[in-house]
Amino acid sequence: MRIALLLFCLIFSVTVTLGQTYSIIDSRAIKLHEQGDELVKNRQYDEAIEKYRASIQREANFLESYIKWGRVLLTKGNPVEALEVVNRGEARAVKAQDRIKGDFSWLKVHLYLATGEFGKAISEFESSHQFLNETFQKSHDYGQIKTRIDFISSQLDRRLFIEKERLPEPINGFTLQYFPVLTADSKKLLFTKRDGLENYQTEDIFVSYFDDGLGWSKPEGISEKINTYYNEGTCTISADGNILIYTSCDAPDSFGSCDLYVAYKVNGQWQRSQNMGKNVNSRSWDSQPSLSADGRILFFSSNRRGGYGGNDIWYSLRMPDGSWSEAKNLGPVINTPKDEVSPFIYFNNEILFFASNGHEGFGGMDIFVSRVVKGEFSTPENLGYPINDHQDQFSLFITAQRDYAYYTESYFKGGKVERSLLYRFKFPDEIALGEKLVVSQGKVLNGKTGQPIDAKLSLVSLSNDSTLYEFRSDGKTGEFMMIYPDRSFSGLYVEKKGYLPKIFNVERDNLKDQENLEISLTPIAAGEAFVFENIFFDFDKDELRQESMSSLSRLLDFLKENPQVKILITGHTDNVGNANYNQNLSQRRAESVRQFLLSKGIPEARLFSEGMGDQEPIMPNDSAENRALNRRITISIL
């Protein structure tokens with residue numbers, strides 16, 4: 001049950017009279033009622049209920065006791081029971097004063113909101129006006145509920161149609177399982193598991209694997225190096241499954257109550273996790289992490305100082321040396337004076353989902369979405385009904401294939417969580433997720449020995465030289481998993497110290513359409529060469545276009561990393577046009593690359609250029625596609 005709503009209902013006043021009057025005159029019943037009021041002030045709710053019950057048993061028409069009893073039940077998280085009590089009292093209020101009818105009606109608005117009966121809440125709100133005086137209708141409390149009712153009414157008019165589906169056995173075998181996350185291929189499911197509600201029953205991270213023929217495997221602990229005597233949970237994992245960040249509470253090396261820890265998978269094995277340090281963690285609560293697909297940006301929730309309210313969303317960047325930058329607040333567009341928790345950055349690194357009770361919603365924690373526009377997060381939008389409803393919503397996770405959204409659904413008893421289960425639903429097309437994403441897998445191998453290589457794979461937008469994703473292949477198997485946005489004009493760079501880089505044009509090389517892609521890297525040696533992809537010139541020109549910068553900068557880094565290497569830059573053309581002219585054009589283009597490197601400080605003695613024109617085609621010049629492949633720059637090691 002929603003704490004914010006309950007606390008509000010504990011203190012809100014809907015009485016529209018200025019004096020203390022009652023609908024009865026029985027002094028003993030009134031004394032019992034007022035004793036109940038005193039107990040409420042001390043938060044002795046069960047005892048207060050008994051006093052209100054006793055006052056009604058003495059005087060069945062004591063309408064104020066029905067109202068107070070209903071309010072306390074709502075505060076305790078029992079709106080259904082509260083509604084039964086209020087209906088009993090309202091049935092006796094036919095001839096009551098408007099102030100009493102107004103109290104009953106106003107309380108029923110809250111009860112219907114708390115039970116998710118939004119249509120009844122809207123109807124009751126509209127009918128309550130005949131009983132509420134003008135002063136109350138100008139109050140802050142009334143204005144808040146009116147805003148919420150107006151919002152809900154507009155959302156119901158454009159409700160989404162989704163079918164929620166409980167994950168099948170052997171998933172959901174524990175008392176509590178929550179915060180589901182998946183790898184990009186949707187084959188590995190991680191979640192937080194807890195056997196019960198007692199303090200000695202701690203949290204652990206469990207994992208299940210999906211097989212197309214067998215379904216989900218029986219969940220098991222992720223690793224003895226990660227799950228310990230302490231609480232481990234609310235985790236996030238990189239798209240390729242090699243970086244895990246999770247929350248651990250009250251561990252010996254923690255900075256605060258709960259800290260974030262990171263673990264890396266190396267050669268197929270999880271390494272021992274480490275506290276993420278003071279740049280990320282604080283003396284306060286730090287939890288609920290969400291890692292970008294390539295593991296370069298971490299979002300999380302914290303109630304540390306320097307925020308805008310209770311819990312805010314913060315972020316940290318992974319630096320080139322593997323360390324994490326000092327965490328920064330995501331700012332007032334996302335964060336409010338209330339709570340923002342459970343962030344989830346979608347696989348395209350451009351859409352953030354999170355839960356909040358500070359933005360306009362259905363009450364309590366709703367899920368919102370914010371999109372990156374011109375480098376900034378936009379004003380959050382409520383995901384609407386029925387994704388959001390009268391319960392608290394959090395821990396939403398949407399697959400890279402955008403087919404399903406996974407989430408936690410909790411069941412309550414007496415206002416407390418009794419069970420938490422994992423569910424999913426088909427994600428509605430009405431909520432845009434940007435360009436389609438293609439998940440591709442393969443291996444990076446040594447081109448000479450066939451041995452696996454731990455290499456860096458960078459997917460780069462060629463239009464602005466921005467890195468879209470960055471992944472690593474596994475040193476034990478060579479395996480990697482990559483995500484490609486379904487956009488044009490991107491390059492893939494595969495790099496490893498001591499090897500020649502491998503450069504692809506994603507669209508022209510049809511990488512998105514390939515499965516089990518095998519990439520061979522060649523050790524640096526005299527006589528070895530590679531095609532220097534993504535170098536662009538205008539037709540019949542030798543000036544380097546801006547879109548060439550990503551490849552040029554990587555060639556520059558390669559030469560700086562290998563100061564002993566000398567290279568020959570060779571230009572090639574297709575066979576269209578005069579051979580002499582083509583030879584001259586290819587020479588000028590190769591020289592443009594050389595001049596760029598010279599301007600960046602590479603010694604002249606290490607750089608040579610030549611033009612081969614159409615003399616060394618790599619494909620027959622019998623189609624537009626083949627001629628495009630023949631128009632190229634190659635780099636040879638001297």
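The values are calculated or read from the model by the stated rules, or taken from the named source; none is laboratory data. Note that this is a predicted model, so its numbers are computed, not measured. As a convention, Cβ positions derive from the backbone with ideal geometry for all residues, glycine included, and neighbour counts pool all protein chains shown.
What to note about this one:
- Any pair with Cβ under 9 angstrom, 6 or more apart, that starts in the range 620-636 at a residue that is assigned to a strand (DSSP E or B) and ends at one that is among the acidic types (D, E): R632/E533; I633/E533; T634/E616; S636/E528
- Condition check for K188: among the basic types (K, R) and without any contact (Cβ under 8 Å) to a residue 40 or more places away in the chain: no
- When residues of the range 409-435 are limited to those that are hydroxyl-bearing (S, T, Y) and more than 30 Å from D486 (Cβ to Cβ), the one modelled with the lowest pLDDT: Y411
- Comparison of G375, G306, G384 shows that the only residue that is more than 24 Å from R402 (Cα to Cα) and of a type outside the set (A, V, I, L, M, F, W, C) is G306.
- The lone exception for S551 - which of (1) farther than 19 Å from R632 by Cβ; (2) small (G, A, S); (3) under 33 Å from the mean Cα position of the chain (by Cα) it fails: (1)
- Of all residues making up the range 36-64, the number that are in a helix (DSSP H, G or I) and under 49 Å from the mean Cα position of the chain (by Cα): 17
- Taking each residue of the range 436-448 that is within 23 Å of D486 (Cβ to Cβ) and looking for partners that are polar (S, T, N, Q) and surrounded by 19 or more Cβ atoms within 10 Å (Cβ to Cβ) with beta-carbon atoms closer than 8 Å, six or more apart or interchain, yields L437/N348.
- Every test in (1) within 20 Å of T247 (Cβ to Cβ); (2) of a type in the set (D, E, K, R); (3) at pLDDT below 95 is passed by D321 save one, and that test is (1).
- If you go through the range 289-307 and keep only what is under 17 Å from K338 (Cα atoms) and part of a strand (DSSP E or B), you end up with F300, S301, S302.
- In the range 85-127, the residue that is nearest to the chain's Cα centre (by Cα) out of those that are under 22 Å from N61 (Cβ atoms), modelled with pLDDT of 95 or more and among the polar types (S, T, N, Q) is S105.
- Per-region count, the range 555-591, residues buried (at least 20 other Cβ atoms within 10 Å of the Cβ), of a type in the set (S, T, Y) and farther than 12 Å from F532 by Cβ: 2
- For first residues located in the range 83-98 and closer than 15 Å to R53 by Cα, partners that are among the polar types (S, T, N, Q) and assigned to a helix (DSSP H, G or I) and lie 6+ apart or on another chain with Cβ distances below 8 Å form the pairs G89/S65.
- Note on the range 439-464: residues that are touching a helix residue (DSSP H, G or I) at 6+ places or on another chain (Cβ under 7 Å) and surrounded by fewer than 17 Cβ atoms within 10 Å (Cβ to Cβ) total 1.
- All positions within the range 168-220 that are aliphatic (A, V, I, L, M), more than 20 Å from A251 (Cα to Cα) and touching a Phe, Trp or Tyr at 6+ places or on another chain (Cβ under 9 Å): I171, V181, L182, A184, L189, L190, V207
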